[in-house]
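The values are calculated or read from the model by the stated rules, or taken from the named source; none is laboratory data. This is a predicted model, so every value here is computed, not measured. Please note: Cβ atoms are built from the backbone with ideal geometry, for glycine as well, and neighbour counts cover all protein chains shown. With ligands, DNA and RNA removed, areas are computed over all heavy atoms of the protein, side chains included. Shrake-Rupley method; radii C 1.70, N 1.55, O 1.52, S 1.80 Å.
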Amino acid sequence: TSDHEHNATVDNSCVTVYVDYSTGPKTSQCIDVNGTVTGPQIVSEAGYDIEGTQKYPTEIVCRVNNFPGPDLEKCVDMPPADAYWAILVYKNNRWDWATTGISEITLQAGEGIGLVYADNGEVSFPK
């Protein structure tokens, strides 16, 4: 795969958690679930610590495992349009933009969530 494409195969027996740091690692994990889970629950189960902003603590993702660091992003209001964590969901056999805040996302086996850091405003969707 190229730097802008990463295979995030979604397995029907689990929820896929895809994280792309843009200029760093890209990971995809299959987390077993029973029933429905929320976005924050499954991201945490995959080993990622997410942080919102002071103004939007549960709606947006400002930091993933302390990236970007507080020296680059204060996480007070909305992050800038060219450097932010995009929230993607995999439902109905395709990746798309999340239409709600991360805390309102619900997922079941066969679905997925992706956190992709925008590189100069560009968001690379998983393949």
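With every protein chain in place and a 1.4 angstrom probe, the accessible-area ranking of ASP71, ASP82, largest first, reads ASP71, ASP82.
The modelled label-to-label distance between ASP119 and LYS74, using points 7 Å beyond Cα along the C-beta direction, is 2.9 nm. Rounded to the nearest 5, the antiparallel percentage of DSSP beta bridges internal to the chain is 80%. Note on exposure: VAL33, VAL43, VAL76 ranked by accessible area (1.4 Å probe, complete protein assembly) read VAL76, VAL33, VAL43, with the most exposed listed first.
Helices in the chain, meaning DSSP H runs of at least 4 residues, each add -39500 (n - 2.57). Divided by all residues, the mean residue ellipticity at 222 nm is -1500 deg cm²/dmol. For THR106, the solvent-accessible surface computed with a 1.4 Å probe is close to 70 Å², ligands and nucleic acids excluded. Charge tally around ILE105: other residues with Cβ under 13 Å, Lys/Arg +1 each, Asp/Glu -1 each, net -3. The label-point distance for ASN66 and ASN92, in a model that sets each label 7 Å from Cα toward Cβ, rounds to 4.1 nm. Measuring nothing but protein heavy atoms, the accessible surface of the chain at 1.4 Å probe radius is 45 percent carbon and sulfur. For the chain, a Kirkwood hydrodynamic radius built from all Cα pairs, placed in the Stokes-Einstein relation at 10 °C and 1.306 mPa s, yields a translational diffusion coefficient of 110 µm²/s.
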